[in-house]
């Protein structure tokens, strides 16, 4: 009898254990009160996964995304990224992790208006100390990869919304991060352009193995992911792997 070897699962990229987050607020009497936002979140994400996080406003999804992106820290619990407990890091250590390990894509693109597409993509490389000539060379290669090579000298206002988001995605990927975080990346785009952007995410995930965590409120956008995590009132109420087609 022959034995079929099953492929080994991808290594764990993110491990969250009983993570909680509260904010200190001042009530009408001037006293400090604790406002809990996340409750006992435990979650594992393997390298190469494509995950969508959904939930109504106030569900805690943006807070969770900020913690995953090292933009915020948990009140309690642990968050390991590639085996490092980032929940215990100081602000300088968190900034280093963000620069080296995480790429961000936002709804509003956040491109610098006076810089060309090529220059916008090069910004993270320049911050990392890469020379300008080499940074622009790598940026051109990224533009060519996403099919916008001929738009290298265009300013953001000379690009369509979809083209601007592709430039923003390229900027997020230029440092070859382990993790790409996308917060409502199709929120300002029409239906067809949104589909094109999600197709690009799918290709990046499948062809280059990039781990993607996407926040969206749109069910049709979430269908592009391999796994759906749904939050309600600060707790995970659904964690479901999609069946392959």
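The values are calculated or read from the model by the stated rules, or taken from the named source; none is laboratory data. Just so it is clear, the structure is predicted and the values come from calculations on it, not from any experiment. We place every Cβ from the backbone using ideal geometry, glycine too, and count neighbours over all the protein chains shown.
Residues that are within 10 Å of residue 101 (Cα to Cα) and in contact (Cβ under 8 Å) with a residue 12 or more places away in the chain within segment 174-186 comprise 175, 177, 178, 179, 180, listed in sequence order.
Exactly one residue out of 66, 99 is without any contact (Cβ under 8 Å) to a residue 40 or more places away in the chain, closer than 30 Å to residue 159 by Cβ and surrounded by fewer than 17 Cβ atoms within 10 Å (Cβ to Cβ), and it is 66.
Is it the case, given these coordinates, that residue 78 is within 16 Å of residue 229 (Cβ to Cβ) and surrounded by fewer than 17 Cβ atoms within 10 Å (Cβ to Cβ)? Can you show your working first?
Numbers: within 16 Å of residue 229 (Cβ to Cβ): no; surrounded by fewer than 17 Cβ atoms within 10 Å (Cβ to Cβ): yes.
No.
Yes/no matrix, rows are residues, columns are (1) under 18 Å from the mean Cα position of the chain (by Cα); (2) at pLDDT 90 or above; (3) within 21 Å of residue 116 (Cβ to Cβ):
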position: 139; (1), (2), (3): no, yes, yes
position: 149; (1), (2), (3): no, yes, yes
position: 152; (1), (2), (3): no, yes, yes
position: 158; (1), (2), (3): no, yes, yes
position: 166; (1), (2), (3): yes, yes, yes
position: 174; (1), (2), (3): yes, yes, yes
position: 184; (1), (2), (3): yes, yes, no
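Among the residues that make up segment 121-144, is at least one of them touching a helix residue (DSSP H, G or I) at 6+ places or on another chain (Cβ under 8 Å), within 26 Å of residue 51 (Cα to Cα) and surrounded by fewer than 17 Cβ atoms within 10 Å (Cβ to Cβ)? Step through it out loud before you land on a result.
Taking segment 121-144 first, the residues touching a helix residue (DSSP H, G or I) at 6+ places or on another chain (Cβ under 8 Å) are 121-128, 130, 132, 134-136, 138-140, 142-143.
Filter again for within 26 Å of residue 51 (Cα to Cα), leaving 121, 124, 142-143.
Next, only the ones that are surrounded by fewer than 17 Cβ atoms within 10 Å (Cβ to Cβ) stay: none.
Taking every residue of segment 121-144 in turn, none turns out to be touching a helix residue (DSSP H, G or I) at 6+ places or on another chain (Cβ under 8 Å), within 26 Å of residue 51 (Cα to Cα) and surrounded by fewer than 17 Cβ atoms within 10 Å (Cβ to Cβ).
Scanning segment 217-237 for residues that are touching a residue at least 24 places away in the same chain (Cβ under 8 Å) and either part of a strand (DSSP E or B) or at positive phi (or both) yields a total of 10.
What number of residues within segment 188-216 satisfy the criterion of being assigned to a loop (DSSP other than H, G, I, E, B) and either buried (at least 21 other Cβ atoms within 10 Å of the Cβ) or in contact with a helix residue (DSSP H, G or I) (Cβ under 9 Å, 6 or more places away or on another chain) (or both)? Total meeting the criteria: 5.
Does segment 81-96 hold any residues that are under 23 Å from residue 22 (Cβ atoms) and surrounded by 15 or more Cβ atoms within 10 Å (Cβ to Cβ), and which are they?
Of all residues in segment 81-96, those under 23 Å from residue 22 (Cβ atoms) come to 81, 85-91, 93-94.
Within segment 81-96, 81, 86, 87, 89, 94 meet the criteria.
Each residue in segment 23-37 was checked for being in contact with a helix residue (DSSP H, G or I) (Cβ under 6 Å, 6 or more places away or on another chain) and either surrounded by fewer than 11 Cβ atoms within 10 Å (Cβ to Cβ) or closer than 20 Å to residue 85 by Cβ (or both), and 0 of them qualify. Taking the criterion of being outside any loop (DSSP other than H, G, I, E, B) and either crowded, with 16+ Cβ neighbours inside 10 Å or without any contact (Cβ under 8 Å) to a residue 40 or more places away in the chain (or both), the residues of segment 145-160 that qualify are 145, 149, 150, 151, 156, 158.
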